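Read the structure below first, then the notes.
The values are calculated or read from the model by the stated rules, or taken from the named source; none is laboratory data. Everything numeric here is computed off the predicted structure, so don't read it as measured data. As a convention, Cβ positions derive from the backbone with ideal geometry for all residues, glycine included, and neighbour counts pool all protein chains shown.
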Amino acid sequence: MKAENKKRILFVLYILTMLILALIYFSVPERKEFIEFHIRWWKEFWRVLGYVTNVRLVI
Amino acid sequence: MLYGNPVYYMDVSLFNMHLFKGLKSDWVEPAPDIINSLNYLTRLLYVWLERVGYYLYDSRLSGFGPIWFILFLPGIIFSFVHAFIKKRYRFLFTGGILLLTFMIHPRNWTTRYVIFIVGLGALSFGTVIDYFHPKQNVLRLVALLLAAYTLLTANSPCIMPEKVKEFLHLPAGERTLSRHKPSNIDTKVRDEYGYWIWIENNVAEGDTLAYTFVDSGVDTSRPFFLAPLWNAGFSNTVVYIKSDTYEEWLKKLGSEGAGYILIRKDSVEDQWIEKERRLFYSLRWMGNVKEKFEIVYSDDTYRIVKYKKGLKNEG
């Protein structure tokens, strides 16, 4: 059981580390601009896809 | 074998000992100012945090993606400690070599130069998944989510859907870089689009185009890309011809069979050609004087000149 407890604690620590790193990664100032660009890109893609397939796709 | 240097054109030396002779010992592009203002560790963190507005294939400030920063980095630390405790020497040896190579690389903040380190990250993450069995599904789910995020955000402003739509309407021969004008190179090459288009449309199979300027360290003007010096079918020849004297230059043009010459305005070649053309125009009333250079393309920066001695049908 001791080994199991140790593994459990390590797992929780690993997940916590990942969460902290994810918070740091996604909270840099440039992330907003990054995500906004890609939303724009996919909206344009969807519009062009609608044009190419002759189906009006509206988002 | 040709240059005696496996990494030609780079000049390689170690502790002032010349290992391989080349043309450049420094990096082609200087580091961005932000990188120069950070120390060894903080520049890596800056790049790995991907503080950029979009993905670009040759970005110098993009990292390895969120999978690296969130999953693989802690995975590498974990797997090394685990391997050390469990005496897994093969992993330590392999990982050690990769880490050491990464640490001594002079530009390890440029991710594409050290992309092998992601392989170590993947191996390490495998170790983590293995260790935390049977709870690994949580980690797999996180990896999958981050992979999906990476897939959705790997688009670049260089290839926008509207541009693809525009190109769908063009014949294949007109789907060229000069028409595409991708944002990452546009500011650097927009004054070259004109002669690129001219070459595509006018230089025929078998013709030889000579260009006369390269980056010499002092004069950094050069064709930004050499590929557009070929026509659409890549069926012409391209040669670099430069000389200190006009006579020598003419001789080289003749021996290479150059039919077209790409020059920069106000360059020494431009001045030679102008002098020759002025002479031709002043003497052509005599009747038996042939025009050697005919300007077939001209813009603010470049000229293409037809060299009549060099064309195949001129003999």
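Looking at residue B:297 and the list (1) hydroxyl-bearing (Ser, Thr, Tyr); (2) outside any loop (DSSP other than H, G, I, E, B); (3) without any contact (Cβ under 8 Å) to a residue 12 or more places away in the chain, which single condition is not satisfied?
With respect to (1) hydroxyl-bearing (Ser, Thr, Tyr); (2) outside any loop (DSSP other than H, G, I, E, B); (3) without any contact (Cβ under 8 Å) to a residue 12 or more places away in the chain, residue B:297 is out only on (3).
In the range B:72-94, is there at least one residue being among the aromatic types (Phe, Trp, Tyr) and modelled with pLDDT under 90?
no
Where residues in the range B:58-79 are under 33 Å from the mean Cα position of the chain (by Cα) and β-branched (Val, Ile, Thr), which of them is farthest from residue B:152 (Cα to Cα)?
The selected residue is B:76.
Return the pairs, sorted by first residue and then second, in which the second residue is among the hydroxyl-bearing types (Ser, Thr, Tyr) and outside any loop (DSSP other than H, G, I, E, B), the first residue lies in the range B:232-247 and is closer than 14 Å to residue B:208 by Cα, the beta carbons are less than 6 Å apart, and the residues are 6+ apart or on different chains.
Going by the 6 Å Cβ cut-off, the qualifying pairs are B:237/B:208; B:240/B:211.
Restrict the check to the range B:134-142 and report whether at least one residue is crowded, with 16+ Cβ neighbours inside 10 Å and under 30 Å from residue A:30 (Cα atoms).
yes
Of all helices (runs of 4 or more DSSP H) completely enclosed by the range B:80-191, which ones contain at least 1 residues that are within 14 Å of chain A (Cβ to nearest Cβ) and over 29 Å from the mean Cα position of the chain (by Cα)?
Hits in the range B:80-191: B:116-131, B:136-152.
If you check residue B:228 against the conditions, is it part of a loop (DSSP other than H, G, I, E, B) and either crowded, with 19+ Cβ neighbours inside 10 Å or not assigned by TED's automatic domain parsing to the domain that holds residue B:300 (or both)?
Here the answer is no, as residue B:228 does not meet what is asked.
Which is free of Cβ contacts under 8 Å to residues at least 60 places away in the same chain and farther than 27 Å from residue A:24 by Cα, of B:102, B:84, B:72?
Going through B:102, B:84, B:72 in turn, the sole match is B:84.
Hey, can you tell me all the residues within the range B:143-168 that are in contact (Cβ under 8 Å) with a residue 24 or more places away in the chain, buried (at least 17 other Cβ atoms within 10 Å of the Cβ) and not hydroxyl-bearing (Ser, Thr, Tyr)?
B:143, B:146, B:155, B:158
May I ask you to list the residues in the range B:40-54 that are within 11 Å of another protein chain (Cβ to nearest Cβ), assigned to a helix (DSSP H, G or I) and buried (at least 17 other Cβ atoms within 10 Å of the Cβ)?
B:46, B:48 - these are the residues of the range B:40-54 that are within 11 Å of another protein chain (Cβ to nearest Cβ), assigned to a helix (DSSP H, G or I) and buried (at least 17 other Cβ atoms within 10 Å of the Cβ).
What's the number of the only condition in (1) surrounded by fewer than 12 Cβ atoms within 10 Å (Cβ to Cβ); (2) without any contact (Cβ under 8 Å) to a residue 24 or more places away in the chain; (3) touching a Ser or Thr at 6+ places or on another chain (Cβ under 9 Å) that residue B:57 fails to meet?
(2)
Does residue B:266 qualify as being touching a residue at least 60 places away in the same chain (Cβ under 8 Å), exposed (fewer than 13 other Cβ atoms within 10 Å of the Cβ) and not small (Gly, Ala, Ser)?
No, not satisfied.
Filter the range B:13-24 down to residues that are of a type in the set (A, V, I, L, M, F, W, C) and without any contact (Cβ under 8 Å) to a residue 12 or more places away in the chain and give me whichever is surrounded by the most Cβ atoms within 10 Å (Cβ to Cβ).
B:19
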